[in-house]
Amino acid sequence: MSFVKTIRNIWTIDELRQRILVTLLLVLVYRLGCYVVLPGISPDDLDALSKFTNKSGLMQLLDMFSGGAFSQASIFALGIMPYITASIVIQLLGMVLPSFQKMQREGESGRQKLSQYTRYLTVLILLFQGPAYLINLQVQVSAATGGATMSWPTILYLTVILAAGSMFIMWLGERITDRGIGNGISFIILVGIIARFPGAIFYEFTSRLPGSTGSQGGLVMFIVELIIFFAVIVGAVLLVQGTRKVPVQYAKRIVGNKQYGGARQYIPLKVNAAGVMPIIFAQAIMFIPITLMGFSTSEAGSGFAAAFSDINGFWYNFVYFILIVAFTYFYTAITVRPTQMAEDMKRNNGFIPGVKPGKKTAEYLDSIMSRITLPGSLFLGIVAILPAFARFFGISQNFAQFFGGTSLLILVGVVLDTLQQVESHLMMHHYDGLMKDGKIKGRTTGSAY
């Protein structure tokens with residue numbers, strides 16, 4: 001009954017109700033656009049192509065993030081990934097170039113400049129990805145159906161449509177952030193992932209029915225899969241929310257006749273401060289040898305390509321796991337800056353009990369981050385390769401991809417962020433939160449992906 005009461009309270013708040021309705025409307029527009037096929041592309045050819053090819057690896061990831069629009073040759077086929085790529089590049093530039101660092105410190109004006117640069121870079125990426133996607137689609141359709149090839153004017157025309165579609169998705173995400181329930185870009189990705197889930201679980205259910213192909217274990221096996229799936233979700237929640245709290249004591253400051261400070265606060269250091277970025281980086285690296293070996297005709301090259309194109313194989317997952325651990329340390333090192341944190345504490349008359357301010361504090365924070373990043377990186381690597389274990393035990397390809405990897409972490413992280421937004425509205429209007437203790441924690445790493 002408390003849950004029903006909470007839902008009623010959510011609907012009672014005018015602002016929150018309006019934001020939810022706006023979000024649902026924009027999501028509906030996005031989902032409808034995912035089914036609008038590019039001009040000149042035959043749906044029959046796409047059906048033949050889906051039976052001819054077997055998407056895996058990066059292609060499967062792109063199709064999931066786009067909610068199936070990638071495989072359907074939709075006007076939203078490129079999805080939000082070009083914008084994410086541009087955001088990552090701008091974020092990395094802000095860590096190495098002084099001019100971008102200066103803009104990051106300029107507040108709202110600097111943020112607007114960086115946002116504008118991100119949009120420009122997104123368009124530039126789209127101008128490269130659009131023709132690449134169309135040429136790849138043309139080759140695959142020709143191999144599947146023997147259809148005619150597209151002319152360059154047609155490719156240019158369709159590239160403009162693809163670029164406009166991706167920019168429109170970006171605009172929808174910004175509107176969800178401004179007028180909806182927030183986290184617009186992340187919410188768009190979440191919708192794309194969830195859109196694939198009902199079909200995947202229905203296919204897994206039907207495949208376990210007696211008399212169907214791959215029905216080993218029957219419905220009992222399907223129930224076991226669901227239990228393991230929910231256990232993995234709980235583990236992902238712990239990974240997203242896991243923190244190590246460092247106590248900081250603020251000394252008293254006397255201004256006039258009043259005393260300020262003297263309170264103890266905590267710095268929550270994330271166990272997984274890198275979010276899903278290590279998985280994204282590792283997947284991009286793993287896709288490079290497959291692409292390069294595709295141009296090789298030697299037997300050694302073919303064997304190497306076969307080993308690293310098998311996403312269920314040992315060497316692919318072993319190297320994938322090692323890259324995730326390495327990238328977790330790398331991304332944590334460039335995003336979490338103990339020296340700056342120590343300077344900020346010293347500037348505000350804060351110190352860690354038992355540790356000298358300044359350099360010693362920075363070294364102490366760095367040592368803590370190194371220790372808690374190790375289990376976080378190992379757990380992240382295990383979550384990333386869980387789909388391979390799921391496929392090894394007979395779970396279908398479509399359902400196995402929800403057992404871990406980028407999709408699961410994004411799903412968990414965005415859902416927690418969204419619940420936190422709703423929670424804040426409820427608490428602001430003096431209603432009970434979604435949880436009795438009111439401690440729904442979202443991600444605090446700054447990464448929306």
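Taking the stretch 1-12 as the region of interest, how many residues are surrounded by 12 or more Cβ atoms within 10 Å (Cβ to Cβ) and either under 30 Å from the mean Cα position of the chain (by Cα) or closer than 15 Å to residue 188 by Cα (or both)?
Count: 2.
Determine whether the stretch 65-85 contains at least one residue that is at pLDDT below 80, over 29 Å from residue 403 (Cα atoms), open to solvent by less than 60 Å² (accessible area, probe 1.4 Å) and outside any helix (DSSP H, G or I).
no
The rows are residues; the columns are (1) small (Gly, Ala, Ser); (2) closer than 30 Å to residue 315 by Cα; (3) touching a Gly at 6+ places or on another chain (Cβ under 7 Å).
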site	(1), (2), (3)
344	no, no, no
362	yes, no, no
367	yes, no, no
377	yes, yes, no
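Please determine whether any residue of the stretch 150-158 is part of a helix (DSSP H, G or I), under 22 Å from the mean Cα position of the chain (by Cα) and closer than 23 Å to residue 32 by Cβ.
no
Residue pairs, Cβ under 8 Å, 6 or more apart or interchain, first in the stretch 26-39 and over 22 Å from residue 150 (Cα atoms), second open to solvent by 60 Å² or more (accessible area, probe 1.4 Å) and at pLDDT 90 or above. List them.
33/168
Could you tell me whether residue 169 is buried (at least 21 other Cβ atoms within 10 Å of the Cβ), closer than 21 Å to residue 38 by Cβ and at pLDDT 80 or above?
So residue 169 fits the description; yes.
For the subset of the stretch 314-358 comprising residues that are closer than 18 Å to residue 281 by Cα and polar (S, T, N, Q), which member is nearest to the chain's Cα centre (by Cα)?
The selected residue is 328.
When you check residue 367 against the structure, is it loosely packed, with under 15 Cβ neighbours inside 10 Å, modelled with pLDDT of 75 or more and either among the hydrophobic types (A, V, I, L, M, F, W, C) or more than 29 Å from residue 405 (Cβ to Cβ) (or both), yes or no?
Considered against the rule, which asks whether it is loosely packed, with under 15 Cβ neighbours inside 10 Å, modelled with pLDDT of 75 or more and either among the hydrophobic types (A, V, I, L, M, F, W, C) or more than 29 Å from residue 405 (Cβ to Cβ) (or both), residue 367 comes out as yes.
In the set 143, 163, which member is more than 12 Å from residue 83 (Cα to Cα) and either touching a residue at least 12 places away in the same chain (Cβ under 8 Å) or loosely packed, with under 14 Cβ neighbours inside 10 Å (or both)?
143
Does the stretch 96-104 contain at least one residue that is part of a helix (DSSP H, G or I), touching a helix residue (DSSP H, G or I) at 6+ places or on another chain (Cβ under 7 Å), open to solvent by 60 Å² or more (accessible area, probe 1.4 Å) and free of Cβ contacts under 8 Å to residues at least 12 places away in the same chain?
Yes: the stretch 96-104 contains one or more residues that are part of a helix (DSSP H, G or I), touching a helix residue (DSSP H, G or I) at 6+ places or on another chain (Cβ under 7 Å), open to solvent by 60 Å² or more (accessible area, probe 1.4 Å) and free of Cβ contacts under 8 Å to residues at least 12 places away in the same chain.
When the residues of the stretch 227-273 are filtered to those that are in contact with a Leu (Cβ under 8 Å, 6 or more places away or on another chain) and either modelled with pLDDT under 80 or of a type in the set (Lys, Arg) (or both), which remaining residue is farthest from residue 82 (Cα to Cα)?
245
The values are calculated or read from the model by the stated rules, or taken from the named source; none is laboratory data. In this text, all values refer to a predicted model and were calculated from it rather than measured experimentally. Cβ coordinates were reconstructed from backbone atoms using ideal geometry, including for glycine residues, and neighbour counts include every protein chain displayed. Keep in mind that these areas ignore ligands, DNA and RNA; they rest on the heavy atoms of the full protein, side chains included. Shrake-Rupley method; radii C 1.70, N 1.55, O 1.52, S 1.80 Å.
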